[in-house]
Each structure stands twice: as structure tokens, then as C-alpha cells.
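Peer 1: Submitted below is the structure of interest, expressed as C-alpha cells.
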Amino acid sequence: MPERESPPAQSPYGESPAGGAPASETHPGATSYRQTRFRPPPGATDLLLIRHGESEAAQMGKPFPLVDGHADPDLAENGREQAERLAQRLAKVPIDALYVTSLCRTAQTAAPLAGRLGLTPQVEPDLREVNLGEWEAGVFRKMVADNHPIAERMWAEERWDVIPGAEPAEAFAARTSGAVRRIAAAHPDQLVAVVVHGGVIAVLLATATGSRPFAFLGADNASISRLVIMPGRWILRGYNDTAHLD
């Protein structure tokens, strides 16, 4: 995980500026240009995107409760263990702020880390998971497991909104991107951890890279991805880090 230091003047891509290392470090009278490690440029926000731990299994006879139309299951026992391992991994990382969504599985995942860091999680509702319309409350998992024709179309077209009543793709991308920009504006030159959802990670990384919509779908539970947010540019620095779970 990244550690904050005062960055030297350099490109955000890890190249030293003109002048580089002193000439005496190489050949007398020569000017050298070193490759250096990446550091976020001044004013940027370093964002750790953490997927929540594994949530409870869906049961068709026992639908998940809904919060503002979104399924809101608790963490499964394995998910709570994943949250503890995440907290151990990040306990000594100098995180400045911690955010969760309005769904309880993110707050439950963040709780052990918040306790270790002495931070109070802030809620950003617009980072909640994509709304799945008629397939909320756990129905989505069954339809995918059954290879329902609409689920097959969803994978082929890489759009959630082929599901009846689901959130339009453009609206989902707009609300999540807007939330990230608000967080970045509030935390320049800081490291922020945000506990979110798999679909949210996918849409944010697709926005950052210009990739296919589902290219980054499938981040593991309690995994860590990393974005550096600057005005007009987002840089992907890591995806699906699960070293603490292996």
C-alpha cells in the first residue's frame, strides 16, 4: 500500500524532470535522467477502492431486505473474517479518511479498519451498488446461476439495464463518478479508503481507463484496487489486490 511522502517535481508517470540525477552519479560532465517510483502529483487524491466482504447467501424463500430499492444483506461469517484480514493489512497505512455506502455490508466491512485507525466512516450514498430492478433482493444471483436468457444478454452486451427496471448504465456511471469527484475535492493530497461494491469498482475503473463496461467486473470480496484522482485525469494504479486473503 502507498505511503505518503513529499513528492519531488516529476511527471506523474515516474520519470524525472529535466536535470535528473546529478552528473557526478554517472559520468563526469554528463546529465542523467533517472526512472523513479510513481508518486501522486500535488493536489491529487489517492483512492483505495475496497470491495465489501462476502455477503450472506441468497435464498429465494427469504429475500434480502431492501434499502431505497437496493438489496441490503449482512456480511456472511466468511465476510467478517475477510474484513478482519483487511484491517490487519491496512492498520499501519496512513489513511486520512474512510468512506462507506448506504448499504450495511460496506459499513460492516469497514468497522474493523475504522477501529484500528481511529476513523469514523463517512457515508457516500451515491457509491451504492447498481440497482437491479426486478432482480433485486437476491433474485439476480438465481437468474445468473440459472443462465437466464436476460442474464446471458447482460453479459454479452455488458449492460445492467437489460434487466427489467434496472438502473440505466449512463446514470450509474454518472452518479458514481460524481461521488468520486466530491471525495477527491474534499481530500486533495490525501489517501482515502472507500468500501464499495463490485459493480461500482467495475464502472469506476472502466471510466478511468476507457475500457469495456464489464472489463473490471469480478473484483474479489475484500480486495483492494487503487485510483489516483486528478482534475481531468484518473490513473489506475492497482486492481484486485488480495494478498491479505491468500
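The values are calculated or read from the model by the stated rules, or taken from the named source; none is laboratory data. Just so it is clear, the model here is predicted, and its values are computed rather than measured. We place every Cβ from the backbone using ideal geometry, glycine too, and count neighbours over all the protein chains shown. Heads up: the accessible areas ignore ligands, DNA and RNA and are worked out on the full protein's heavy atoms, side chains in. Shrake-Rupley method; radii C 1.70, N 1.55, O 1.52, S 1.80 Å.
Peer 1: For the range 1-21, what are the residues that are loosely packed, with under 11 Cβ neighbours inside 10 Å and modelled with pLDDT of 50 or more?
Peer 2: Hit for the range 1-21 is GLU3, nothing else.
Peer 1: Of all residues in the range 113-168, count the ones that are on the phi > 0 side of the Ramachandran plot and part of a loop (DSSP other than H, G, I, E, B).
Peer 2: Here the count works out to 6.
Peer 1: Continuing with this model, one more query. If only one of VAL100, VAL93 is of a type in the set (A, V, I, L, M, F, W, C), open to solvent by less than 50 Å² (accessible area, probe 1.4 Å) and touching a Ser or Thr at 6+ places or on another chain (Cβ under 7 Å), which one is it?
Peer 2: Checking each option against the conditions leaves just VAL100.
Peer 1: Specify the residue that is nearest to PRO41 (Cα to Cα); the eligible residues are those in the range 207-237 that are open to solvent by 60 Å² or more (accessible area, probe 1.4 Å) and in a loop (DSSP other than H, G, I, E, B).
Peer 2: PRO231
Peer 1: Could you tell me whether THR109 is crowded, with 19+ Cβ neighbours inside 10 Å and either part of a helix (DSSP H, G or I) or free of Cβ contacts under 8 Å to residues at least 24 places away in the same chain (or both)?
Peer 2: Taking the combined requirement at face value, the residue satisfies it.
Peer 1: In this structure, is THR36 under 30 Å from HIS187 (Cβ atoms), among the polar types (S, T, N, Q) and at pLDDT 95 or above?
Peer 2: no
Peer 1: Select from the range 81-110 the residues that are among the small types (Gly, Ala, Ser) and within 19 Å of VAL200 (Cβ to Cβ) and list them in ascending order.
Peer 2: Result: ALA83, ALA97, SER102, ALA107, ALA110.
Peer 1: Under 6 Å between Cβ atoms, which residue pairs at least 6 apart in sequence (or on different chains) link something in the range 119-135 that is among the basic types (Lys, Arg) with a partner that is crowded, with 20+ Cβ neighbours inside 10 Å?
Peer 2: ARG128/HIS70; ARG128/THR101; ARG128/LEU103
Peer 1: Taking the condition over 23 Å from PRO41 (Cβ atoms), part of a strand (DSSP E or B) and among the polar types (S, T, N, Q), does ASN240 pass?
Peer 2: yes
Peer 1: Select from the range 127-168 the residues that are open to solvent by 50 Å² or more (accessible area, probe 1.4 Å) and of a type in the set (Asp, Glu) and write down the one among them that is nearest to ASP72 (Cα to Cα).
Peer 2: It comes out as GLU134.
Peer 1: Working only within the range 169-191, note down all residues that are assigned to a loop (DSSP other than H, G, I, E, B) and either open to solvent by 30 Å² or more (accessible area, probe 1.4 Å) or at positive phi (or both).
Peer 2: Result: PRO188, ASP189, GLN190.
Peer 1: Restricting attention to the range 27-66, and to residues there that are open to solvent by less than 80 Å² (accessible area, probe 1.4 Å) and β-branched (Val, Ile, Thr), which single residue is nearest to GLN108 (Cα to Cα)?
Peer 2: This residue is ILE50.
Peer 1: Is there any pair linking a residue in the range 25-47 that is more than 12 Å from MET230 (Cβ to Cβ) to one that is at pLDDT 90 or above and among the hydrophobic types (A, V, I, L, M, F, W, C), with Cβ under 6 Å and at least six apart or on different chains, and which?
Peer 2: none
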